[in-house]
Amino acid sequence: MSDLLTLRPEGLYCPDIDTFIDPVRPVARAIITHGHADHARSGHGAVLATRQTLDIMALRYGADFCGQRQTIDYGEIVSLSGINVSLHPAGHVLGSAQVLLEDGHGRTVVSGDYKRQGDPTCSPFELVRCDTFVTEATFGLPVFKHPPAIEEAKKLLASLLLFPDKVHLVGAYALGKAQRVIGELRAAGYDKTIYLHGALVKLTEYYQEEGVGLGPVEAVGARGRELAGEIVLCPPGQLADRWARRFGETVTSMASGWMRVRARARQRGVELPLIMSDHADWDDLCLTVAQTGAEQIWVTHGAEEALVHWCQMNGRKARPLNMIGYDDGEDAEPAELQDADAVSAP
């Protein structure tokens, strides 16, 4: 392992500052990279993160989600027991960050989840040069090449023109994906109201409060068939749920990097797959590894072995961490989804 990090059952651990990064169970001290539920869990004694990540955790888990919280801005350095800690934009969702640990002997970056594609709803990815780089590999296979997100948004708008009498029901996760879909639709020229399942409202409103321009959005409420010709966003789990039946005949869509896999789309009953991901694709994973200059690469979750093999073939030491408790960052949604929108259930 590096001089700065080791691996424990709770997750990545920095012994010098007695702190975990994105631990999978409650610990005394944690640094959190972003607000997705597989990285940001409640119950820690103390949490250090960006203000937006702390706000998102409070929205999802309640104000008492941890004992103490400390805000750190992008680029700000906090010195702890001789270790300099700083956070840098990951381009994943609002407030997401990479963690840089630095002492007199080297620099280690824990990337969390990240993407290199442009995104109108969060700060762009910042490349941080380092000696050891901990990378995700959610889409760590050469088959995964994400198209420009705005082109996927235009596919949705083209379908809307073809089927103006149908509600276009789009599955999108509550944090990051829903807001990005809206942002890309706006960039593609769509200026009508976009309707939201109740579970998406709270975080979308927070994005707007943070100055992210999303245009007119409204909760679906009790409406159904009268939304023919409109775009409705909901959690993916609602696409085949009783909730969706209120709209009558629909065009069912879903925004995810996994929509590249046709079997996944069929399994979800998706007629209009939108390949829109908040993770780096294969080319960007390889590019990032190369550009960091890191000689040692640790691969966390996803297709670990393929990226490890690529690193080794390109002259870098690499190892899979085989960490348990992480997924693609999208399927992990907290309990807020269980009762949201209950007031508008038919």
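Structure notes:
- Filtered trypsin sites (Lys or Arg not before Pro), segment 130-179: DSSP coil and at most 15 other beta carbons within 10 Å: Lys145
- Prolate/oblate/rounded label for segment 173-281 (Cα gyration tensor, a/c 1.5): oblate
- Surface accessible to a 1.4 Å probe, per residue, for the residues of the chain, Å²: 40
- Gaussian network model of the chain, springs between alpha carbon atoms under 10 Å - residue of Gln70, Gln117, Gln296 with greatest fluctuation: Gln70
- Multiplying the residue separation of Ile77 and Arg264 by 0.36 nm and removing their Cα-Cα distance gives an extension gain of 63.1 nm.
- Extension gain for the segment Arg225 to Ala63, taken as residue separation times 0.36 nm less the Cα-Cα distance, is 54.6 nm to one decimal.
- Local electrostatic count at Cys122 - Lys and Arg +1, Asp and Glu -1, tallied over other residues with Cβ under 11 Å: -1
- For the pair Asn314 and Glu295 in one chain, pulling the backbone fully straight at 0.36 nm per residue adds 5.8 nm over the alpha carbon distance.
- For the chain, alpha-carbon Rg over 2.2 N^0.38 Å: 1.00
- Formal net charge of residues neighbouring Arg107 (Cβ-Cβ distance under 10 Å; K, R +1; D, E -1): -2
- Sites Arg242 and Ala158 - FRET efficiency at Förster radius 30 Å, r taken between beta-carbons, to 0.05: 0.55
- Label-point separation in nm, Ala187 to Glu271, each point 7 Å along Cα→Cβ: 2.7
- The chain, relative contact order in percent, only Cα pairs under 8 angstrom and at least six apart counted: 17
- Loop-located trypsin sites (Lys or Arg not before Pro) across segment 205-266 with a Cβ neighbour count of 16 or fewer within 10 Å are Arg223, with loop assigned by DSSP.
- Based on Cα contacts under 8 Å between residues 6+ apart, segment 184-244 shows a relative contact order of 45 percent.
- Segment 64-166: GluC sites (Glu not before Pro) falling in loop per DSSP and having at most 16 other Cβ within 10 Å: Glu76, Glu126
- Between Asn322 and Arg51, the simple spin-label model (points 7 angstrom out along Cα→Cβ) gives 4.3 nm.
- Taking all pairs of distinct alpha-carbon atoms in segment 59-198, Kirkwood radius in angstrom: 18.0
- Pairs of Lys in the chain closer than 23 Å at Cα, counting only those 8 or more apart or on different chains: 19
- For segment 107-168, the relative contact order comes to 33 percent (Cα pairs under 8 Å, sequence separation of at least 6).
- Surrounding net charge for Lys166, when Lys and Arg each add one and Asp and Glu each subtract one, Cβ distance under 13 Å: -4
- Whole-percent carbon and sulfur share, accessible surface of segment 91-137, 1.4 Å: 46
The values are calculated or read from the model by the stated rules, or taken from the named source; none is laboratory data. These numbers were taken from a predicted model, which means no experiment stands behind them. For neighbour counting, all protein chains shown are included, and Cβ atoms are generated from backbone atoms with ideal geometry for every residue, glycine included. Note: areas computed on protein heavy atoms with side chains; ligands, DNA, RNA excluded. Shrake-Rupley method; radii C 1.70, N 1.55, O 1.52, S 1.80 Å.
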